Each structure stands twice: as structure tokens, then as C-alpha cells.
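**Student:** Shown below is the structure under consideration.
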Amino acid sequence: MSATNSKKDKVILITGAGSGMGQLAARNFSAEGALIAGFDVNEAGLAETANGDDSISTWKVDITDFAAVNGAVAEVIAKLGPIDAVYNAAAIMPMGKLLDHDNATQHKIMEINYGGLINIAQATLPAMVARGQGDFISFASSAGLIPTMLTGAYSASKAAVAFYSEILYHENINSGVRFACVCPIVVKTPLLQQAKDTVWPKMLDSGAPMQPQEVLDEIEQALVKGNFWVYAGKGAQTGSRMRRFFPNLIWKQVHKVEGF
């Protein structure tokens with residue numbers, strides 16, 4: 001893709017396209033002239049995303065099922081052509097204290113947030129690398145870089161996303177494919193409500209949530225600049241540096257704010 005990041009006539013695969021960040025990205029890129037392949041398990045959400053827009057095609061896909069992902073990707077290529085960009089936005093975000101958090105839910109978080117990334121990467125990237133071009137965007141989180149309490153399962157999954165994506169990038173650094181790993185602060189999407197419906201850490205109330213469009217804008221700027229890490233939102237990069245150099249201070253503040 002060009003340095004101007006033009007999306008016209010590009011084929012863009014977006015997971016989690018039935019709501020939130022994925023839905024907004026699908027609509028934005030379609031408006032720019034791209035052909036969109038939207039993946040999600042949420043059929044109603046996918047219908048809403050594609051409503052009245054012939055440039056958006058949708059597939060009901062469980063991204064934890066590698067065979068299903070492979071099959072859907074093959075259908076995308078047959079229908080729309082080679083994939084130019086992947087935005088892996090699918091995720092879930094229930095929270096809870098680790099010893100109290102439902103066991104099956106903790107495993108499901110890892111299967112979707114991290115396992116889904118593995119499946120999408122292996123289903124799409126080999127062809128992009130072979131062609132020597134494309135964009136691959138992983139959605140991690142500041143919660144995967146800066147630990148706090150009550151977010152354990154989600155944070156662990158996003159830490160896995162961040163490490164996997166970083167190594168994936170370096171293993172393919174001269175391939176011609178651009179990689180970005182997005183680590184935003186709290187973003188105002190349906191995932192936020194999903195978290196609030198379970199347990200909400202006081203640490204996450206430190207500032208107003210970002211708007212999804214702000215995150216998407218920062219991703220596009222990072223791709224043009226050739227930046228792998230996208231520390232989206234005020235304090236994201238500073239927090240990451242604090243975690244690296246002053247971890248005890250971070251934990252002291254967490255305990256003070258959460259009250260235990």
C-alpha cells in the first residue's frame with residue numbers, strides 16, 4: 001500500500017466487524033473505496049455494518065476455529081481478490097479477580113483474543129508475504145503492557161497479542177508487509193460495557209475513554225511513519241515506560257487506588 005495509505009480498490013479483512021472498532025473501520029474504509037470482508041460471530045452486528053453498502057461483504061466466522069478461518073479467507077480471496085490489509089479487532093473483555101473469575105471464561109478470553117490472532121495471521125499472512133506487500137494490524141491494549149488488578153485474564157491475552165505481534169513483525173521485517181500493534185488506553189466501544197457489566201477496576205477511571213476514530217487515525221499515522229507500536233491515547237506510552245523502569249511504583253499506585 002502506498003505511503004498515502006489510500007484504501008481505494010484495496011481488499012481489507014476486518015475481524016470483529018460486527019461492532020465497535022471493527023464496524024467503524026469497515027465503514028470508514030468502504031467510504032474510501034475499499035472492498036471489505038467483515039468477520040464476526042455476531043450476525044446481527046454484521047448485517048448492521050453492511051446495511052446498504054455493497055462494498056462490505058460479511059462472513060459469520062468463529063476466529064477460534066482455524067479450519068473455519070481458513071475456509072472463509074479462501075472465500076474472500078475468490079470473491080474479492082488478494083487481501084491487502086488485515087485489521088484483527090475481534091476480542092472479548094469480561095473482567096474479574098483471577099481466583100473468582102469463571103474458569104471457562106478465562107480460557108475463552110485467551111482463545112479469542114490471542115488464539116484468534118494466531119489463526120488470522122496463519123490464514124492471511126503467508127500470501128501477503130509472498131506478494132511482498134500488505135498491512136497487518138493487531139489490536140493489543142495498554143492493559144497488556146501495564147498490569148493492574150481485576151483485568152488479569154484480559155491483560156494476559158493482550159500481553160500475548162503484543163509479544164506474538166512483535167516477534168511476527170521481526171520475523172518478517174524485510175517482507176514488504178507493514179505491521180502495527182495497537183496498544184490504546186480505554187476506548188469507548190461495546191467492549192467497555194462488557195467489562196463494566198462484570199468488574200470495573202478503579203484504575204481505568206483515570207481519564208475519559210478514547211473515541212474509536214481517534215485510535216484508527218493513530219494507526220494510519222503509524223503506518224505512514226513505519227512505526228510498529230501504536231501507543232494510542234494520552235499516557236499510553238508513558239505508562240508503558242513506567243512499567244518497564246518503575247514497576248513497584250505502578251503496583252503501589254494500583255493497590256492504593258483499588259483499595260486492597
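**Student:** Looking only at residues that are in a helix (DSSP H, G or I) and touching a Ser or Thr at 6+ places or on another chain (Cβ under 8 Å) in the range 197-236, which one is nearest to ALA26 (Cα to Cα)? Outline the logic, then answer.
**Tutor:** Filtering the range 197-236 down to residues in a helix (DSSP H, G or I) leaves 202-205, 212-225, 236.
Now restrict to residues that are touching a Ser or Thr at 6+ places or on another chain (Cβ under 8 Å): 203-204, 212, 224, 236.
Details: MET203: 31, LEU204: 28, PRO212: 12, VAL224: 20, ALA236: 25 Å.
Ranking the qualifying residues of the range 197-236, first place goes to PRO212.
**Student:** Also, I was wondering about something else. Which one of these does ASN70 not meet: (1) surrounded by fewer than 23 Cβ atoms within 10 Å (Cβ to Cβ); (2) closer than 27 Å to VAL187 by Cβ?
**Tutor:** Failed condition: (2).
**Student:** Sort out for me the helices (runs of 4 or more DSSP H) sitting completely within the range 38-147 that have 2 or more residues that are closer than 30 Å to LYS252 by Cβ and touching a residue at least 12 places away in the same chain (Cβ under 8 Å). Working first, answer last.
**Tutor:** Numbers: elements: 43-50, 66-80, 103-110, 116-131.
Counting at least 2 such residues, we get 103-110.
**Student:** Testing GLN193 on (1) within 19 Å of the chain's Cα centre (by Cα); (2) buried (at least 16 other Cβ atoms within 10 Å of the Cβ), one condition comes back false. Which one is that?
**Tutor:** Only one criterion in (1) within 19 Å of the chain's Cα centre (by Cα); (2) buried (at least 16 other Cβ atoms within 10 Å of the Cβ) is unmet by GLN193, namely (2).
**Student:** Give me the residue from the range 1-28 that is of a type outside the set (A, V, I, L, M, F, W, C) and outside any loop (DSSP other than H, G, I, E, B) and, out of that set, surrounded by the most Cβ atoms within 10 Å (Cβ to Cβ). Quick ask: steps written out before the conclusion?
**Tutor:** Step one: filter the range 1-28 for residues of a type outside the set (A, V, I, L, M, F, W, C), giving 2, 4-10, 15-16, 18-20, 22-23, 27-28.
Filter again for outside any loop (DSSP other than H, G, I, E, B), leaving 15, 20, 22-23, 27-28.
On the way: THR15: 26, GLY20: 22, GLY22: 28, GLN23: 26, ARG27: 19, ASN28: 18.
Once the filter is applied, the top-ranked residue is GLY22.
**Student:** I would also like to ask the following. Condition first: surrounded by 15 or more Cβ atoms within 10 Å (Cβ to Cβ) and within 15 Å of GLY134 (Cα to Cα). Now tell me which residues in the range 166-181 satisfy that.
**Tutor:** Residues of the range 166-181 surrounded by 15 or more Cβ atoms within 10 Å (Cβ to Cβ): 166, 168-169, 172, 175, 177-181.
Within the range 166-181, LEU168, TYR169, ASN172, SER175, VAL177, ARG178, PHE179, ALA180, CYS181 meet the criteria.
**Student:** Keeping to the range 115-130, report how many residues are within 13 Å of the chain's Cα centre (by Cα) and surrounded by fewer than 23 Cβ atoms within 10 Å (Cβ to Cβ).
**Tutor:** Residues of the range 115-130 within 13 Å of the chain's Cα centre (by Cα): 115-118, 120-121.
Right, trim to surrounded by fewer than 23 Cβ atoms within 10 Å (Cβ to Cβ) and you get 115, 118, 121.
So the count comes out to 3.
The rows are residues; the columns are (1) touching a strand residue (DSSP E or B) at 6+ places or on another chain (Cβ under 9 Å); (2) among the aliphatic types (A, V, I, L, M); (3) touching a residue at least 24 places away in the same chain (Cβ under 8 Å).
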| site | (1), (2), (3) |
| --- | --- |
| SER155 | no, no, no |
| GLY176 | yes, no, yes |
| ILE185 | yes, yes, yes |
| LYS188 | yes, no, yes |
| ASP205 | no, no, no |
| ALA208 | no, yes, no |
| GLN211 | yes, no, yes |
| ASP217 | no, no, no |
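**Student:** Does the range 29-52 hold any residues that are surrounded by fewer than 19 Cβ atoms within 10 Å (Cβ to Cβ), modelled with pLDDT of 95 or more and farther than 23 Å from ILE92 by Cβ, and which are they?
**Tutor:** Selection gives ALA31, GLU32, GLY33, ASN51.
**Student:** For residues that are surrounded by 21 or more Cβ atoms within 10 Å (Cβ to Cβ), of a type in the set (A, V, I, L, M, F, W, C) and within 19 Å of TYR164 (Cα to Cα), scanning just the range 74-92, find the one that is farthest from the chain's Cα centre (by Cα). Steps first, please.
**Tutor:** Of all residues in the range 74-92, those surrounded by 21 or more Cβ atoms within 10 Å (Cβ to Cβ) come to 76, 83, 85-91.
Going one step further and asking which of them are of a type in the set (A, V, I, L, M, F, W, C), we end up with 76, 83, 85-86, 89-91.
Restricting the remaining residues to those that are within 19 Å of TYR164 (Cα to Cα) gives 85-86, 89-91.
Values: ALA85: 13, VAL86: 10, ALA89: 3, ALA90: 6, ALA91: 7 Å.
Within the range 74-92, the match that is farthest from the chain's Cα centre (by Cα) is ALA85.
**Student:** For residues that are surrounded by fewer than 21 Cβ atoms within 10 Å (Cβ to Cβ) and of a type outside the set (D, E, K, R), scanning just the range 131-147, find the one that is modelled with the lowest pLDDT.
**Tutor:** Just the residues of the range 131-147 that are surrounded by fewer than 21 Cβ atoms within 10 Å (Cβ to Cβ), to begin with: 131-133, 147.
After this cut, where a residue has to be of a type outside the set (D, E, K, R) as well, the list is 132-133, 147.
Numbers: GLY132: 98, GLN133: 97, PRO147: 88.
Checking each candidate, the answer is PRO147.
**Student:** Here are the criteria: (1) in contact (Cβ under 8 Å) with a residue 60 or more places away in the chain; (2) in a helix (DSSP H, G or I); (3) aliphatic (A, V, I, L, M). Tell me which single one ALA159 does not satisfy.
**Tutor:** (1)
The values are calculated or read from the model by the stated rules, or taken from the named source; none is laboratory data. Not measured: the values here are computed from a predicted model. Backbone-built Cβ (ideal geometry, glycine too); neighbour counts: all protein chains shown.
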